[in-house]
Amino acid sequence: MRLLSVDLITLRMPLVSPFQTSFGTQNERTPMLVRVHAETAGPTGDPVEVIGWGECVALVDPVYSSEYLDGARDVLTRFLIPLLFAHQGKGGTITAETVAEVLRPIVGNRMAKSAIEMAVLDAQLRGRGESLSAYLGATVDRVPAGVSVGIMPSVDQLLETVDGYLAQGYRRIKLKIQPGWDIAPVAAIRQRFGDELLLQVDANAAYTLRDAVHLARLDEFGLLLIEQPLGEEDLRQHSRLATMMSTPMCLDESIVSAEAAADAIALNAAAVINIKPGRVGGYLEARRIHDIARAHGIAVWCGGMLETGVGRAANAALAGLPGFTLPGDISASSRFFREDVTEPFVLEDGYIRIPTGPGIGVEPDADRLAAMTTSAVQVTSEG
Ligand code: OSB
Ligand code: MG
């Protein structure tokens, strides 16, 4: 395709309730959408002008990973998008499948890279009228919805919150844990809702290997998995911890690429992998991780980063691939937002329907987008 312009649109969206994890409390989300305007091959091969959308999942502060919103905007504006225009200026064409290779000279910054690759992919698919789910190889038309439940001020409030989600139909509960909020909330949930409930926990790197004996107390509760108890770079230590407890080890923060996934599997550091397209550099790398895990018999599920309908649509498509055998953090828009920038995703019998339209299959509503926008920058070939 021929890139014409790229807009980086930052939004402000209040959360319906504070979301507390071991790394902090979020009261609002400030997603950055990427809007690509391009000329690409239409259904008959003739050029058509299209718009494509991407979403950058970086948080405001570098507390989940090293990337953060202002840094992602900066690297996109000053390095990544100019590299694409430079490639084009030298006669190269831009395709979703080659974006990562063109951007390879810039190290890391995977959330920023993912956002621009996603927008290019959406534009390319919209041009030829193909859905992202068909492109990626999804084999179902809906995915079971799981919900990530933050750390609460009290166990009573937690039970009430989980009760509400189960009443809405959520099919799997993930509890955020941290030292001081782990065994007791899990025990209370099991006691109240029984052993059949699909339950898992996520520590966001809040523990160390010295906590192994304590964490092994979770084993009696029949959890699906424990997600990222140790640090991002602690692959060997996760492997060691996995021998000290029976709850399946799942990695999130540590899986930054297909290479990291291959290492984690080889080291027995992960029995399960949480795949987040933003964290690994895009939907194409996410699919490669799915393929590697599947070839090794490792279960995967699709993580979330409080996405707007834009990212949620694409995550649902990815989660439709056959290796996604566990419910993901793919919830209704209302889990986080009173108002979404797209038509809201809703639960239908505990499932989220995968969009079938061209590209990601959804679009921001122009009025809501304008109302939520706090800043917008445009990058063109003129620089
Ligand atoms: O660790 O999975 C995580 C949200 C922000 C940052 C990290 C994580 C999360 C979630 C998922 O738990 C939230 C969602 O449903 O989008
Ligand atoms: Mg996680």
Requested in this report: Per residue of segment 215-220, in order, report the coupling 6.51 cos²θ - 1.76 cosθ + 1.60 (Karplus, θ = phi - 60°) as ³J(HN,Hα) in whole Hz, putting x for Gly and Pro.
Outcome: 4, 5, 5, 6, 4, 6
Query raised in the report: Taking the highest mean first, how do the peptides 20-33, 325-338 order by number of other beta carbon atoms within 10 angstrom per residue?
Result: 325-338, 20-33
Query raised in the report: Could you give the Stokes-Einstein D for segment 134-265 in µm² per second, using the C-alpha Kirkwood radius, 4 °C, 1.567 mPa s?
Result: 82 µm²/s
Query raised in the report: Using modelled amide H (1.01 Å from N, peptide plane; none on Pro or chain starts), what sits under 5 Å from the amide H of residue 202, excluding residues fewer than 5 places away?
Result: 175, 176, 177, 227
Report task. Please build a GNM for the chain, connecting alpha carbons under 10 Å apart, and tell me which residue among 160, 227, 253 fluctuates the most. Result -> 160
Report summary line: With the convex hull built on the alpha-carbon atoms of segment 239-383, volume per residue in Å³ sits at 162 Å³
Query - Order by protection proxy (mean Cβ within 10 Å, highest first), peptides 286-292, 207-213, 82-88 - result: 286-292, 82-88, 207-213
Report summary line: So, relative contact order of the chain in percent, Cα under 8 Å, 6 or more apart, is 22 percent
Query raised in the report: Residue by residue, what Karplus-based ³J(HN,Hα) values in Hz, rounded to whole numbers, does segment 232-243 have, using 6.51, -1.76 and 1.60 with θ = phi - 60° and x for Gly and Pro?
Result: 3, 8, 8, 4, 5, 5, 4, 4, 5, 4, 4, 7
Query raised in the report: Between residue 208 and residue 246, what FRET efficiency follows from the Cβ-Cβ distance if R0 is 22 Å, with the result rounded to 0.05?
Result: 0.65
Query - Local electrostatic count at residue 108 - Lys and Arg +1, Asp and Glu -1, tallied over other residues with Cβ under 12 Å - result: +3
Query - Whole-angstrom gap from segment 321-383 to segment 52-78, using each part's C-alpha centre - result: 17 Å
Query raised in the report: Quick one: length gained pulling residue 334 to residue 142 fully straight, 0.36 nm per residue minus the C-alpha distance?
Result: 67.3 nm
Query raised in the report: Helix 309-318 versus the longest principal axis of the chain: what angle, 0 to 90°, nearest 10, using Cα atoms?
Result: 70 degrees
Query raised in the report: Rounded to the nearest 500 deg cm²/dmol, what is the calculated helix-only ellipticity per residue at 222 nm for the chain, with -39500 (n - 2.57) per DSSP H run of length n ≥ 4?
Result: -9500 deg cm²/dmol
Report summary line: Quick numbers on the chain, Rg and Dmax over C-alpha atoms in Å, give 20.3, 64
Report summary line: Residue by residue through segment 49-66, the couplings from Karplus 6.51 cos²θ - 1.76 cosθ + 1.60 with θ = phi - 60°, in Hz, x for Gly and Pro, are 8, 9, 10, x, 10, x, 9, 8, 8, 4, 7, 4, 10, x, 10, 8, 9, 6
Query raised in the report: Of the listed peptides 167-177, 115-125, what is their order by residue-averaged count of other C-beta atoms within 10 Å, with the highest listed first?
Result: 115-125, 167-177
Report task. Using Cα centres only, tell me the gap between segment 1-47 and segment 107-123 in whole Å. Result -> 10 Å
Report summary line: Tilt, helix 183-193 to longest principal axis of the chain (alpha-carbon atoms), in degrees rounded to tens, equals 90 degrees
Requested in this report: Could you pull the accessible area for residue 152 with a 1.4 Å probe, rounded to 10 Å²?
Outcome: 40 Å²
Query raised in the report: What residues qualify as long-range amide H neighbours of residue 15, i.e. H under 5 Å apart, gap of 5 or more or another chain, H built at 1.01 Å from N?
Result: 28, 29
Query raised in the report: Amide H to amide H under 5 Å from residue 131: which residues, 5+ apart in sequence or cross-chain, H placed 1.01 Å off N in plane?
Result: 359
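The values are calculated or read from the model by the stated rules, or taken from the named source; none is laboratory data. Treat the numbers as computed from the prediction; the structure is a model and nothing was measured. Glycine also receives a Cβ, built like all others from the backbone with ideal geometry; neighbour counts cover every protein chain displayed. Just the protein is used for accessible areas: all its heavy atoms, side chains included, with ligands, DNA and RNA removed. Shrake-Rupley method; radii C 1.70, N 1.55, O 1.52, S 1.80 Å.
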